[in-house]
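Heads up: the structure comes next, in C-alpha cells.
Bear in mind these aren't lab numbers, they're just calculated from the coordinates by the rules spelled out. The structure presented is a predicted model; accordingly, all values stated were derived computationally and were not measured. Neighbour counts run over all protein chains shown; Cβ positions are idealised from the backbone, glycine included.
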There are 2 protein chains.
Amino acid sequence: AINVYVIGLGPVGRQVIRDLQLLNNLHCQNYQVDFRIVGVFDRTGSVISKQTDLALSSEVVQSILSWKENGASLADHTNGSGSTIDVLSSMLGANTTIIDVSASNDTIPVLLNGIQTGSTVVLANKKPISCRWSTYDAMVQGPGILGIESTVGAGTPIIACLDRLLAAGDRIDAIEGVLSGTLGYIATELEKGNSYSDSIKSAHTLGFTEPDPRDDLSGTDVARKALILARRCGVKNLHMENIAIESLFPNILQGITTTDFLKETSSLDDGFRQKIVNAQNQGTVLRYVARIEFDWGMHEYKSTPEAKVSVGLVPVPSSSPFYSLTGTDNLVSFTTRTYSDSPLVVRGKGAGVEVTSNGVIADMVTCARSCSMPNGEVHRHD
Amino acid sequence: AINVYVIGLGPVGRQVIRDLQLLNNLHCQNYQVDFRIVGVFDRTGSVISKQTDLALSSEVVQSILSWKENGASLADHTNGSGSTIDVLSSMLGANTTIIDVSASNDTIPVLLNGIQTGSTVVLANKKPISCRWSTYDAMVQGPGILGIESTVGAGTPIIACLDRLLAAGDRIDAIEGVLSGTLGYIATELEKGNSYSDSIKSAHTLGFTEPDPRDDLSGTDVARKALILARRCGVKNLHMENIAIESLFPNILQGITTTDFLKETSSLDDGFRQKIVNAQNQGTVLRYVARIEFDWGMHEYKSTPEAKVSVGLVPVPSSSPFYSLTGTDNLVSFTTRTYSDSPLVVRGKGAGVEVTSNGVIADMVTCARSCSMPNGEVHRHD
C-alpha cells in the first residue's frame with residue numbers, strides 16, 4: 001500500500017480525496033496500487049492516522065470534507081493532531097506519496113525532504129517548481145519521483161505528451177500555448193464585442209478569475225506555466241525574471257484595491273477595442289499566448305537547450321490552431337524535428353476542479369508504477 | 001541493460017534502430033536505461049549477438065541497415081544466424097524488450113511467450129492486438145509490459161492520453177478519430193475539387209497508400225485502430241466483425257488487379273462529387289471518422305463497458321474539431337465525464353517513419369521505467 005498525505009484542502013484537495021476513495025477498487029484491480037489516505041493538512045493544522053499505514057476511516061474523511069466545505073480550519077477539528085506539515089518529515093519514504101494542491105511556498109522544504117527520501121511528490125501547486133532554478137533542480141533530482149501534470153493546463157495531459165517527445169529524443173523547437181482559462185474566456189468575450197471592463201467583471205462574477213483578477217491579468221500565472229514547460233525541456237538557470245511578460249493592465253493600477261481596480265478598468269476599454277479592430281482588419285484574432293523558442297546549438301541531442309520565453313497578447317492568423325480556440329479551453333502546440341510542418345497539438349479544459357484532480361490522480365498512478373532508478377534503487381510496492 | 005530484439009526491418013524498423021543508437025547516451029543519462037540491440041529479424045532470417053547481453057557492434061548494425069535498404073534478405077547476410085523468430089523463445093525474460101514493427105500475424109506466438117515470461121513487448125504491428133479478443137486479452141495479461149502507442153496514430157500520443165484518462169478513473173463516453181493519414185489526404189483533395197479517382201492516384205503516386213490502395217479505402221485499417229482504442233477502454237469480446245465499416249469502393253471492385261482498380265475508380269467520381277456537394281450545401285465537410293460510443297450501464301467505474309463502433313465517411317459541422325483538419329494529420333477527441341462540454345483533443349502526424357519510431361521509443365522508455373506488478377514482481381534494471 002502507498003501512504004498518501006494531502007496538503008491543501010480547498011476544492012481541488014477535497015475532489016482528490018473523494019476521487020481516491022471512489023477509485024480505490026479500480027486502482028487496486030487494474031494497477032495493483034492501493035492508495036491509503038493517512039494524513040491531510042491545511043494551513044492551520046492536520047488530521048493524521050494514529051497508526052502508520054492505516055488509512056483514515058471513511059467517517060473521519062467525510063467529516064473533514066464537510067468541515068472544510070463549511071470553511072472551518074483543521075486546527076479546530078475533533079481529530080486534529082495539532083501538527084503542521086513539518087511533522088511530515090518523519091513520515092517519508094519509498095511507499096509515501098505527498099500531494100501538494102496548496103498555492104503556497106511553505107511546502108517546499110517538506111517536498112524536498114520527500115524527494116530526497118524517495119517519496120513520490122505530486123503537485124498542482126506551481127510554486128515549488130516555478131520559483132528559483134536551484135529549487136526546481138533539487139525537486140527533479142530524485143530519488144523520489146515528481147508528478148507535475150496539474151501545474152500546467154489543470155491536468156489536461158500536456159506534460160505527459162511533452163515527456164513522451166523528450167523520451168523519444170525528439171528535438172523541441174518551439175512550444176506555444178494558451179494556458180489560462182481566464183484569459184481565454186476574456187479573449188472570447190472581447191471578440192464577441194464586449195468591452196474589456198465588462199469581460200473582466202463577468203469573468204470575476206463567474207469565478208473564473210482569482211479573487212483579485214489582476215493575478216490573472218498580470219500574466220504571471222501564464223509565465224509560471226511557461227517556465228515549467230521550458231525547464232521540463234532541460235533549460236537550465238531560467239527564472240521568472242528572464243520571461244518577457246505583457247500585463248493586461250498598466251502598472252499604475254497595481255497599488256489600488258480590487259474594487260477600485262474593477263471600476264478603473266473601463267478607462268482601458270477604448271484601447272482594447274482598438275486592438276481587437278486592428279487584429280480583425282488583418283484577418284487575425286487576439287490570444288494570450290505563451291511562446292518558448294528553443295536553441296539547441298550544434299547538438300541535436302544535448303539535453304540543455306537555451307530558450308527565449310515570452311507571454312502576451314498576440315494576433316493569431318486563421319491557419320493557427322489557436323484561431324478557433326474559444327472559452328476556457330487550453331491548447332498547446334509542440335513544433336519539433338518530427339512535428340515540423342504540422343505541430344503536435346493537445347487541447348482540453350484548462351481550469352476546473354475535476355480536471356485538476358484527474359491530472360493529480362493519473363500522476364499518482366503513473367508515479368506509483370515507475371521505478372525510481374537514479375541510484376539503481378527500485379520503488380517497491382508491498 | 002535491456003536486451004532489445006527488433007522484428008521487422010522495413011523503413012520503421014531501420015529508423016528505430018538508428019534512433020536507438022543515436023539516443024543511447026541520452027537514455028542512459030536521463031532515464032537510466034541502456035538499450036542494447038542484441039538481435040534483428042526479418043521474414044527470412046536474423047542476425048543475433050553471439051554473446052547474450054552483448055550488443056551487436058555498430059559495424060554489424062550499419063551493414064544490416066545498408067543490406068536491408070538495398071532490398072536484400074537477412075538470410076543471405078554474412079552474419080546471418082539462420083534462425084527465425086522462434087529462436088527468440090529461449091531468450092526472453094524481465095530484461096528483454098521485443099519490438100514488433102512487422103505487419104505480420106506470425107509474430108503472435110513469440111510475443112505471447114515474451115509477455116508470459118516478463119519481457120516487454122512494444123508494437124507498431126497492429127495485428128497482434130486487433131485479431132481475436134482472446135489473443136488481445138492474453139497480450140495484456142502480463143506479467144510482461146505491452147507498449148502499443150504506434151499502432152494508432154503512428155506514434156502521436158493518443159494512447160498515452162487515453163491511458164491517463166483511464167488511470168484517473170474518468171468515464172469515457174465517446175471517442176471519435178480521424179485515424180488514417182491516407183483517407184485524410186483524399187478527403188482534402190476531394191474538398192479542393194479534385195475527383196475521387198485523381199485523388200487516389202495522387203495518394204498512390206506519393207506513397208501515402210498501401211501498394212494496393214484498397215487496403216486503405218476499405219476502412220479495415222481504421223477499423224483495426226478503433227478496435228484497439230475500444231479494447232484499451234476495457235470493452236471485452238469485441239471483434240472486427242462487430243464494427244460497422246463503410247468501404248469507399250463497391251464490393252464488385254474487390255476481385256480485380258490494382259491496375260484495373262485504379263482505372264475503374266473514375267466510375268465512382270460522380271457519386272463522390274455529389275456527396276461533397278451535398279455536404280457543402282449543409283455547411284459541412286466529409287471526414288472518414290472512427291466513432292466509438294460507450295455504454296457504462298449503471299456502474300460509472302466498472303471497467304468493462306459495452307461499445308458501438310463504426311467507421312465511415314460522415315458530414316462534419318464547423319463546430320467540430322475535425323472540420324479544420326486537413327492533409328495527413330490524425331485527430332482524436334475524447335468525450336468523458338470530465339471533458340463533457342468540450343472534448344480532450346490530440347492532433348498530430350498520423351503517418352511517417354520518424355513519428356512511428358518516436359512512439360516506439362517513448363513506449364520503450366516508459367515500459368522500462370514501469371514496474372511489472374501483477375504478481376508482486378518488480379521489473380528490475382541491472
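Summary of computed values
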{"quantity": "Shortest-first nm distances, A:ASP34 label point to equivalent points in other copies (7 Å, Cα→Cβ)", "calculated": "3.7"}
{"quantity": "Value in Å of the Kirkwood radius, where region A:121-246 supplies the Cα pairs that are averaged", "calculated": "15.9"}
{"quantity": "Modelled FRET efficiency - R0 60 Å, B:LYS263 with B:SER90, Cβ distances, 0.05 increments", "calculated": "0.75"}
{"quantity": "Nearest-first distances (nm) between copies at A:GLU264, label 7 Å from Cα via Cβ", "calculated": "7.6"}
{"quantity": "Positive minus negative residues near A:VAL38 (Lys, Arg vs Asp, Glu; Cβ under 11 Å)", "calculated": "+1"}
{"quantity": "nm² value of the averaged projected area, convex hull over the Cα atoms of region A:167-348", "calculated": "11.0"}
{"quantity": "Rg(Cα)/(2.2 N^0.38 Å) for chain B, N = residue count", "calculated": "1.03"}
{"quantity": "Full-extension gain in nm, A:ALA72 to A:ASN105, via 0.36 nm per residue minus C-alpha separation", "calculated": "9.7 nm"}
{"quantity": "Local electrostatic count at A:ILE292 - Lys and Arg +1, Asp and Glu -1, tallied over other residues with Cβ under 12 Å", "calculated": "0"}
{"quantity": "Cubic angstrom per residue, convex hull over Cα atoms of region B:263-368", "calculated": "182"}
{"quantity": "Trypsin sites (Lys or Arg not before Pro) within region B:1-51: DSSP coil, no more than 10 neighbouring Cβ in 10 Å", "calculated": "B:LYS50"}
{"quantity": "Cβ-defined net charge surrounding B:ASN358, 13 Å radius [Lys, Arg +1; Asp, Glu -1]", "calculated": "-1"}
{"quantity": "Region A:119-201 - charge dipole about Cα centre, Lys and Arg +1 at Cβ, Asp and Glu -1, debye rounded to 20", "calculated": "260"}
{"quantity": "Separation of alpha-carbon centers, region B:152-226 and region A:279-328, rounded to whole Å", "calculated": "27"}
{"quantity": "Label-point gap, in nm, between A:SER83 and B:GLU246 - each point 7 angstrom along Cα→Cβ", "calculated": "6.2"}
{"quantity": "Relative exposure of B:LYS68, B:LYS236, B:LYS349, judged by other C-beta atoms within 10 Å (fewest first)", "calculated": "B:LYS236, B:LYS68, B:LYS349"}
{"quantity": "For A:GLY207, label point 7 Å along C-beta direction: distances to other copies, nm", "calculated": "5.5"}
{"quantity": "Per-residue Cβ neighbour rank within 10 angstrom, fewest leading, A:THR156, A:THR117", "calculated": "A:THR117, A:THR156"}
{"quantity": "Phi-based couplings in Hz for region B:74-88 (Karplus 6.51, -1.76, 1.60; Gly and Pro marked x)", "calculated": "4, 4, 9, 6, 3, 8, x, 8, x, 9, 9, 4, 4, 4, 4"}
{"quantity": "Cut-off under 5 Å, modelled amide H: who pairs with A:THR338 long-range", "calculated": "A:ARG171"}
{"quantity": "Exceeding the 24 Å Cα-Cα cut-off - candidates A:LYS349/B:LYS225; B:LYS192/B:LYS275; A:LYS275/B:LYS192; B:LYS126/B:LYS201", "calculated": "A:LYS349/B:LYS225; A:LYS275/B:LYS192; B:LYS126/B:LYS201"}
{"quantity": "Charge dipole (debye, nearest 20) of region A:167-348; +1 at Cβ of Lys and Arg, -1 at Cβ of Asp and Glu", "calculated": "380"}
{"quantity": "Qualifying lysines (Cα of each under 26 Å from Cα of A:LYS50; at least 8 residues distant if same chain)", "calculated": "A:LYS68"}
{"quantity": "The protein assembly as shown - Rg and Dmax from Cα coordinates, angstrom", "calculated": "26.7, 83"}
